[in-house]
1. Take the Cα of V95, step 7 Å along the line toward its Cβ, and report every residue of segment 6-48 whose backbone nitrogen sits under 18 Å from that point.
2. Using each residue's phi in segment 80-96, evaluate 6.51 cos²θ - 1.76 cosθ + 1.60 at θ = phi - 60° and report the 3J(HN,Hα) Karplus result to the nearest Hz, with x for Gly and Pro.
3. Are there any chymotrypsin sites (Phe, Trp or Tyr not before Pro) in segment 1-59 that are in a DSSP loop and have at most 14 other Cβ atoms within 10 Å? List them by number.
4. Where in segment 24-104 are there chymotrypsin sites (Phe, Trp or Tyr not before Pro) that are in a DSSP coil and have at most 11 other Cβ atoms within 10 angstrom of their Cβ?
5. For the chain, just the Cα set please: Rg and Dmax, both in angstrom.
6. When only DSSP loop residues count, what trypsin sites (Lys or Arg not before Pro) in segment 1-58 have their Cβ near at most 13 other Cβ atoms within 10 Å?
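Just so it is clear, none of the values below were taken in a lab; they were calculated from the coordinates. Remember, it's a predicted structure, so these values are computed and weren't measured experimentally. FYI the Cβ positions are ideal-geometry reconstructions off the backbone, even for glycines, and counts take in every protein chain you see.
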Amino acid sequence: MPYEALETIFSLREQIPGFRCIVGCHDCCGPVTVSTDEMARLPRKSDAERDAALSQLSCPHLGAGGCQVYQERPLICRLFGTTPNLPCPNGRRPVYMIEEDVEQRIHQLLRSTRQVLL
Ligand code: SF4
Ligand code: SF4
């Protein structure tokens, strides 16, 4: 992966506000598309594992204890709940929602890179 791409992803990650989720909740996890750069940082899942997750409208990295790749979860997963455009269905949110320009830069990045189903 080009160094600049990684640096951009890390920089955007840092600018997404964090907040406390409901313990054990993963209601917003499901089939998501991510950039190939982000995909390359995640453990590989077999076609069978991915098909099984998709058939349940789930994510192949969701385990019994929650997200198994939490430290490396993609930008779209981090964005969830931090913007009125992707509100948490359970009303959780950070004190300050994400800055609009940061959200736009995330979408620009996602639009400018090839997207693959997680
Ligand atoms: S953002 Fe909301 S729906 Fe998603 S895990 Fe957190 S509490 Fe659950
Ligand atoms: S990568 Fe983690 S946070 Fe994102 S959808 Fe999958 S289980 Fe949920």
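1. Only 15-21 fall inside the zone, counting backbone N under 18 Å.
2. 4, x, 9, 9, x, 6, 9, x, 5, x, 9, x, 7, 6, x, 4, 10
3. For chymotrypsin sites (Phe, Trp or Tyr not before Pro) across segment 1-59 that sit outside H, G, I, E and B with at most 14 neighbouring Cβ atoms in 10 Å, the list reads F19.
4. Counting only loop positions with at most 11 other Cβ atoms within 10 Å, the chymotrypsin sites (Phe, Trp or Tyr not before Pro) in segment 24-104 are Y96.
5. 14.2, 40
6. Passing both the DSSP loop test and the Cβ count: R20, R44.
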